[in-house]
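The structure appears right after this line, and notes come after that.
The values are calculated or read from the model by the stated rules, or taken from the named source; none is laboratory data. The model shown is predicted, which means the values in this text are computed figures rather than measured ones. Cβ placement follows ideal geometry from the backbone for every residue including glycine, while neighbour counts extend to all protein chains displayed. Please note that ligands, DNA and RNA were not included when accessible areas were found on the heavy atoms of the full protein model with its side chains. Shrake-Rupley method; radii C 1.70, N 1.55, O 1.52, S 1.80 Å.
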Amino acid sequence: MPRIAFQLQVEPELLDEYLRRHSPVWPEMLAEIAAAGRRNYTLFLADGGRLVGYYETDDDDAAQAYLAKSAVAARWEAEMGRFFVGLDGRPDQAAVPLTEIFHLEDQLADAEASAIAESDAS
């Protein structure tokens, strides 16, 4: 299952309004995110307006395509676009994914598989 993380920069002077817009997010937008197949969607805010997002999905290309065609998502992203520094296009389509370098469960599973293989070889 793909895990997707991305980073954006919120305009510092718009942080308070950005936070208000997410408390709560429109119910119809929440429904579209879920219908697109995104799960565990989370946003984290660091000092200075650095925003890191994370979600899981079975097929990120399909999720992106679904949201790209959604009138609700287009309306939400049009309103949210002004909050970000140096962003060209819709935030949901223009954010650059971060590269995953570590995932605990994957490494634990690999270590267990190696231990079993070593045991079987003995």
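Here are the numbers for the structure shown:
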read-out: Förster radius 25 Å - calculated FRET efficiency between Ala65 and Gln9 (Cβ-Cβ, nearest 0.05); value: 0.45
read-out: Counted charge near Ser23, where neighbours are those whose Cβ lies closer than 13 Å (Asp, Glu -1; Lys, Arg +1); value: 0
read-out: Accessible solvent surface per residue of the chain, calculated while the other protein chains remain in place, 1.4 angstrom probe, Å²; value: 63 Å²
read-out: Correct choice for P(r) over Cα pairs in 5 Å bins from 0, in percent that was computed from the model, options (i) 2, 10, 22, 25, 22, 13, 5, 1, 0; (ii) 2, 10, 15, 16, 14, 11, 9, 8, 6, 4, 3, 1, 0; (iii) 2, 9, 17, 21, 17, 11, 7, 5, 4, 3, 2, 1, 0; value: (iii)
read-out: Accessible area, probe 1.4 Å, largest first, for residues Val10, Val85; value: Val85, Val10
read-out: Charge context of Trp76, other residues only, Cβ under 12 angstrom, K/R +1, D/E -1; value: -2
read-out: Segment Ala109-Val96, length gained on full extension (0.36 nm per residue, minus Cα span); value: 1.8 nm
read-out: Area accessible to solvent at Leu87, 1.4 Å probe radius, in Å²; value: 40 Å²
read-out: Summed residue charge, Cβ within 14 Å of Asp88's Cβ, Lys/Arg positive, Asp/Glu negative; value: 0
read-out: Accessible surface of the stretch 1-99, 1.4 Å probe, proportion on carbon and sulfur as whole %; value: 55 percent
read-out: Residue-averaged [θ]222 nm for the chain, counting only DSSP H segments that reach four residues, each worth -39500 (n - 2.57); value: -14000 deg cm²/dmol
read-out: Gyration tensor verdict on the stretch 2-41 (Cα atoms; rounded if a/c is under 1.5, prolate if a/b is larger than b/c, oblate otherwise); value: oblate
